[in-house]
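What follows is a short report on a single structure.
Values quoted throughout were computed directly from the atomic coordinates according to the rules given, and no laboratory measurement underlies them. Fair warning: this is a prediction, and the values are worked out from it, not measured in the lab. Note: ideal-geometry Cβ built from the backbone for every residue, glycine included; neighbour counts use all protein chains shown.
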Amino acid sequence: YNKSLFSSQMFKDNSLISGDDDLLVQKSASKENTAIQINPNSFVYSNSPTTWKEFFNQKRRHHTTAVRYKFLHKFFLTINPTSHIAVYVLFIFGLLGPYAFWVSILFAIRLLSITFVGYYNLKKLEEFDLLFYLPLLDAFHVLYYLIMAPFLFFPQKSKWK
């Protein structure tokens, strides 16, 4: 985006330490001017944090912007992690009951579905080498949600150095 769009659409209080790009897209995007691109030439890469401390600080900074999202967007953004956690909780409790075999079959079907969908998506995104890690990454993603939840519910003030 160019400076004039940024200046005309962005918040004037300059209190944002993260998320200005998300909020700008949220404010100015429409069906007519926005599209999803999966062409490798459209990919944008950025450097990742190199330590756990840097990673958690970055995520904490990102979460400070969440309060500015539209309610409907926040609602939809919570559906995936909530249902993801629920699947694993129900799976664990299901293993303890009389239908453990069927629960295991349903969970295996879920993992196969993730792998099937992942096959096509990872191929398009040129990240096919991650395919065989998907079941493990799926489980770790639940742990990620649980670890990061306090940052969402109890945000801390964060400042750029």
For the stretch 143-151, in order, what is each residue's ³J(HN,Hα) by Karplus, 6.51 cos²θ - 1.76 cosθ + 1.60 with θ = phi - 60°, in whole Hz (x at glycine and Pro)? 4, 4, 4, 5, 6, 7, 3, x, 5
Given R₀ = 25 Å, FRET efficiency for residue 104-residue 144 by Cβ-Cβ distance, to 0.05? 0.55
Show me the three semi-axes of the equivalent ellipsoid for the stretch 17-131, from the C-alpha gyration tensor (sqrt of 5 times each eigenvalue), largest first, rounded to whole Å. 32, 21, 17
